[in-house]
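Engineer: Quick one: structure below, then a few questions.
The values are calculated or read from the model by the stated rules, or taken from the named source; none is laboratory data. Please read these numbers as outputs of a predicted model, since none were measured by experiment. Counting neighbours? That spans all protein chains shown, and the Cβs are built from the backbone with ideal geometry, glycine included. For accessibility, only protein heavy atoms count, side chains too; no ligands or nucleic acids. Shrake-Rupley method; radii C 1.70, N 1.55, O 1.52, S 1.80 Å.
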Amino acid sequence: MTPMFTLAQRIEALHVQGVHSVMATFTDLHGVPKGKLLPLEALPAAVASGAGFAGPSIVGTGLPRMGPRSEYHGRVVPDSLRPLPWLPGVAHAVCDGFAGGEPLDTCSRQVLQRQLARLRERGWTFHVGIEPEFFLLRRGEDGRWGVADAEDRLDKPSYDLKAMVRNHGFLDDMRRHLTALGFGLQQTDHEDATGQYEINYRHDEALAAADRFQLFKLTAHAVADQHGMVFSCMPKPLANAPGSGLHFHISLTDELGCPLMADAGGPMGLSPLGLRFAAGLLEHGDALAALCAPTVNSYKRLAVSESASGTTWSPVWKAVGENNRTCVLRTVEGRLEWRLPDASCNVYAALAATLAAGLDGIDRDLPAPEACDADLYQRHAAGDPMPPRLPRDLHEALAALRADALLRDDLGEAFCEQFLALKRAEWDAYAQQVSDWELERYADGF
Ligand code: GLU
Ligand code: MG
């Protein structure tokens, strides 16, 4: 639908397509899409004043139980309306969070929009290609989680075509639905762990890319469920195999659409502005980890470990290199591939923080980072000096975010307070656990 349509015309068009309901969605602080179904006739009110939700029931709003601000109003963004090919009669819609008639400062979609507004003042656009890696899992009869496809057990599972054929039902349903939703599908492959896949689709302006990733997750959950499997965004479900990243391919353009970060003749293919953006990401890397890799499990992925294919390709060190996948930041044809994020992140918050850090690099004119042309895994194995490490666990990452005044200010105190409180509780709950590994190691060990 083009933005030229009036709301009445959109409703009529949806009606003609057999749509009777709207799934009005928002994203909670953990990055999970939530929402409710509304009859199509309720759409004008949902656009004007918002669909109502009990504010405190939504993770991370910080809204009170009583009074005018207790209600979370999800205002439907009309441009986001899309009939869902996997749920006939229902159109998906994205909402912005409001409370008491004001934009809600803890709504992550608005946190991102605030950063994008800073860019618009400069006439710039932030483009992002989001690369989802994920697992297809199933809970076994013994109650334990495992890879859904029991035959998927190659030593080197990268690009395994036999597993792709066995799972064609799921993968082809994804192709059909993502195509109908206008995703611009590019490729699908088996990733480097058993049960792990990656689906790539066209990049977009950052807000649209974030909305699209949320719709990707919703679609993949529904399709996997139809095939008796669970679509998993867990960063590292298998201890001895690579985890799943959610790499962001990022670039900036000016008001004429010309790339700002690329320079074929510059170091690593970057312009001075691209180098400063990269410097900002490295400078704020520890605090960014809290937002880009926000779960206890994220740090099981961001570790030095071997896989059957020789490496997990997960980022461990804060360095940038031209087409160097062993660094947290890889440059590819004048773009930056930010390899820190995983799919357990709130994609709006992770993108907002990434942009804020890059802009800080530009505004403070941070010195260009040195190009890393070493295989860092190899260098580490040889015991050579390494670039600084990313945080080793969520606790360290949260402390870094707490100490990063610039990021906290850019993301907003209200959002950061909610985020830090929830994530601290997550860490504390984890720290109290006694794992199988500990029992095996210590129970009769002394
Ligand atoms: N799965 C790896 C990660 O955790 C990335 C593999 C790749 O480069 O595609 O980031
Ligand atoms: Mg990959």
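Engineer: I need the shape label for the chain. Rule: rounded when a/c is under 1.5, else prolate if a/b > b/c, else oblate, with a, b, c from the alpha carbon gyration tensor.
Structural biologist: It comes out rounded by the Cα gyration axes.
Engineer: Report the percentage of all Cα-Cα pairs in segment 355-443 whose separation exceeds 17 Å, rounded to a whole percent.
Structural biologist: Across segment 355-443, Cα pairs with separations above 17 Å total 69 percent.
Engineer: Run down the lysines and flag those whose C-alpha is under 26 Å from the C-alpha of Lys236, throwing out any fewer than 8 positions away in its chain.
Structural biologist: Lys34, Lys156, Lys162, Lys217, Lys300, Lys318, Lys423
Engineer: Now for a separate question. Give me the extension gain from Ala8 to Asp172: residue separation times 0.36 nm, minus the current Cα-Cα distance, reported in nm with one decimal.
Structural biologist: Result for the pair: 55.6 nm of gain on full extension.
Engineer: Under the Karplus relation 6.51 cos²θ - 1.76 cosθ + 1.60, θ = phi - 60°, what is the ordered set of whole-Hz ³J(HN,Hα) values for segment 235-249, x standing for Gly and Pro?
Structural biologist: Each residue's phi maps through the Karplus curve to give x, 8, x, 10, 4, 9, 9, x, x, 9, x, 9, 5, 9, 8 Hz.
Engineer: Which shape class applies to segment 1-112: rounded if a/c is under 1.5, otherwise prolate when a/b exceeds b/c and oblate if not, where a ≥ b ≥ c are the square roots of the Cα gyration tensor eigenvalues? Please report the intermediate quantities before stating the final value.
Structural biologist: Working: a/c = 2.06, a/b = 1.86, b/c = 1.11.
Prolate, since a/c reaches 1.5 and a/b exceeds b/c.
Engineer: Amide H of Thr331 versus every other amide H placed in the peptide plane: which residues, excluding those fewer than 5 positions away on the same chain, fall under 5 Å?
Structural biologist: Gly321, Glu322, Asn323, Asn324, Glu337
Engineer: Hey, another quick one. What accessible area, in Å² to the nearest ten, does a 1.4 Å probe give for Met23?
Structural biologist: Solvent-accessible area, nearest 10 Å²: 40 Å².
Engineer: Continuing with this model, one more query. Assuming R0 = 56 Å, can you tell me the calculated FRET efficiency for the pair Ala208 and Val304, based on Cβ-Cβ distance, to the nearest 0.05?
Structural biologist: 0.95
Engineer: From the phi angles alone, apply the Karplus equation (6.51, -1.76, 1.60; θ = phi - 60°) to segment 139-147 and give each ³J(HN,Hα) in whole Hz, x where the residue is Gly or Pro.
Structural biologist: Working through the residues one at a time gives 8, x, 5, 7, x, 9, 6, x, 5 Hz.
Engineer: Now a separate question. For the pair Ser158/Leu256, report the inter-label distance in nm, with labels modelled 7 Å from Cα in the Cβ direction.
Structural biologist: Going from the Ser158 label point to the Leu256 one covers 4.1 nm.
Engineer: Given the Cα-Cα distance of Leu420 and Ala45 and 0.36 nm per residue of separation, how much length would full extension add, in nm?
Structural biologist: Taking Leu420 through Ala45 to full extension adds about 131.6 nm, to one decimal.
Engineer: Can you classify segment 282-424 as rounded, prolate or oblate using the Cα gyration tensor, where a ≥ b ≥ c are the square roots of its eigenvalues, rounded means a/c under 1.5, and otherwise it's prolate if a/b beats b/c and oblate if not?
Structural biologist: Working: a/c = 1.98, a/b = 1.36, b/c = 1.46.
Cα axes put segment 282-424 in the oblate bin.
Engineer: Extending each Cα 7 Å along its Cβ direction at Gln378 and Val59, get the distance between those two points in nm, one decimal.
Structural biologist: 4.1 nm
Engineer: Pop out the carbon and sulfur fraction of the accessible area of the chain as a percent, whole number, probe 1.4 Å. Before the final figure, lay out the partial values.
Structural biologist: On the way: 10480 of 19730 Å².
Ligands and nucleic acids excluded, carbon and sulfur give 53 percent.
Engineer: Hey, any idea what Rg/Rh is for segment 187-317, computing Rh the Kirkwood way over Cα pairs? Before the final figure, lay out the partial values.
Structural biologist: Values: Rg = 17.2 Å, Rh = 17.2 Å.
Using only Cα positions, Rg/Rh for segment 187-317 is 1.00.
Engineer: Related question: With the chain treated as a Gaussian network of Cα nodes joined by springs under 10 Å, which of Met386, Met174, Met234 yields the largest mean-square fluctuation?
Structural biologist: Among Met386, Met174, Met234, the largest mean-square fluctuation in the Gaussian network model of the chain belongs to Met386.
Engineer: If you don't mind, another one. Once you have the Cα-Cα distance between Ser70 and Ala222, take 0.36 nm times their residue separation minus that, and quote the gain in nm to one decimal.
Structural biologist: The Ser70-Ala222 span can extend by a further 51.6 nm.
Engineer: Measure off 7 Å from each Cα along the Cα-to-Cβ vector at Arg118 and His15, then give the distance between these two points in nanometres to one decimal.
Structural biologist: Label-label distance for Arg118 and His15, simple model: 4.5 nm.
Engineer: Less than 11 Å Cβ to Cβ from Gly184, Lys/Arg counted +1 and Asp/Glu -1: what total charge do the surrounding residues give? Could the numbers behind the result be given before it?
Structural biologist: Values: positive: Arg202, Arg212; negative: Asp204.
Taking every Cβ under 11 Å from that of Gly184, the sum is +1.
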